[in-house]
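Take this structure, written in structure tokens, and hold onto it; I'll ask about it next.
The values are calculated or read from the model by the stated rules, or taken from the named source; none is laboratory data. Remember, predicted model here, so these are calculated numbers, not experimental data. All Cβ positions, even for glycine, are placed from backbone atoms using ideal geometry, and neighbour counts span all protein chains on display. Just so you know, the surface numbers come from the protein's heavy atoms only, side chains and all, with ligands and any DNA or RNA stripped out. Shrake-Rupley method; radii C 1.70, N 1.55, O 1.52, S 1.80 Å.
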Amino acid sequence: TVPQRLAMAAVLLVWLLALLRLLADPTPRLPLLVNWSGSLPYRLAWLDTRPQLLQRSHLVVYRFDGTAIVDYPGLRAQPFFKRVAGLPGDAVTVQGRTVAVNGVAVGTAKDRAWDRRPLEPIAPVTVPPGHFYAQGSSEDSFDSRYRSSGLVRADQVLGVARPIF
């Protein structure tokens, strides 16, 4: 019937647009963000794209550009939603697999990714100018504690997120 065909066409269009966004240009176009992952406890946020000086505990959305894109090309430029845990001049240290910023533990790096590939913790570093350490709130978050994610450049930031709920 015509209504069923229209409904199927609408569903197909939504899936095609989602695939296009995933593969061609994942940049959020609307300021209202939905967080599907467990990386932060917020599900809905407003993205403030005005330039601003990042501060510790800001929630940011940035384009992923870590070395993991070699093994996972679908991550290239994907929007990541994380908390700023380290700023330029902060010391990132690693003891075993526990990562700390300025002596405060911010997470433990897992041994393996979901597909069993090995994961290495970030190397000890002082956060350089123009970069920050990004942290999710979940132990499963893929964030700066991993070498293949690394520190985030300020020019990757799309905006500061303001949680709604």
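Roughly how big is the chain's charge dipole about its Cα centre, with Cβ charges of +1 (Lys, Arg) and -1 (Asp, Glu), in debye to the nearest 20?
With only Lys, Arg, Asp and Glu charged at Cβ, the dipole is about 260 debye.
Using the Karplus curve 6.51 cos²θ - 1.76 cosθ + 1.60 with θ = phi - 60°, what ³J(HN,Hα) values do you get for each residue of the stretch 63-77, in whole Hz, with x for Gly and Pro?
7, 5, 8, x, 5, 4, 5, 5, 8, 10, x, x, 7, 3, 6
Per residue of the stretch 114-128, in order, report the coupling 6.51 cos²θ - 1.76 cosθ + 1.60 (Karplus, θ = phi - 60°) as ³J(HN,Hα) in whole Hz, putting x for Gly and Pro.
Each residue of the stretch 114-128 in turn: 4, 9, 6, 5, x, 10, 10, x, 4, 6, x, 7, 9, 4, x Hz.
Additional query: Counting helices only, and only those DSSP H runs with n ≥ 4, report the 222 nm mean residue ellipticity of the chain as the sum of -39,500 (n - 2.57) divided by its residues, in deg cm²/dmol to the nearest 500.
Counting only the DSSP helices, I get -4500 deg cm²/dmol.
For the chain, what is the relative contact order in percent, using Cα pairs closer than 8 Å and at least 6 residues apart in sequence?
On the way: 325 pairs, mean separation 43.7, N = 165.
After rounding, I find 26 percent.
Return the single residue from Arg97, Arg76, Arg50 with maximal mean-square fluctuation; model: Gaussian network over the chain, springs between Cα atoms under 10 Å.
Arg50
Run the accessible area of the chain with a 1.4 Å probe and give the carbon-and-sulfur part as a rounded percent.
Ligands and nucleic acids excluded, carbon and sulfur reach 63 percent.
For the chain, what is the accessible area per residue in Å², given a 1.4 Å probe and the full set of protein chains?
With the other protein chains kept in place, the chain gives 61 Å² per residue.
I've got another one for you. Could you tell me which residue out of Gly86, Val34, Leu119 lies farthest along the dipole of the chain toward its positive end? Charges go on the beta carbon: Lys and Arg +1, Asp and Glu -1, centred on the Cα centre.
Val34
Pick out, from Thr1, Ala154, Ser137, the residue whose Cα sits farthest towards the positive end of the charge dipole of the chain, with +1 on the Cβ of Lys and Arg and -1 on the Cβ of Asp and Glu.
Farthest along the dipole direction, towards plus: Thr1.
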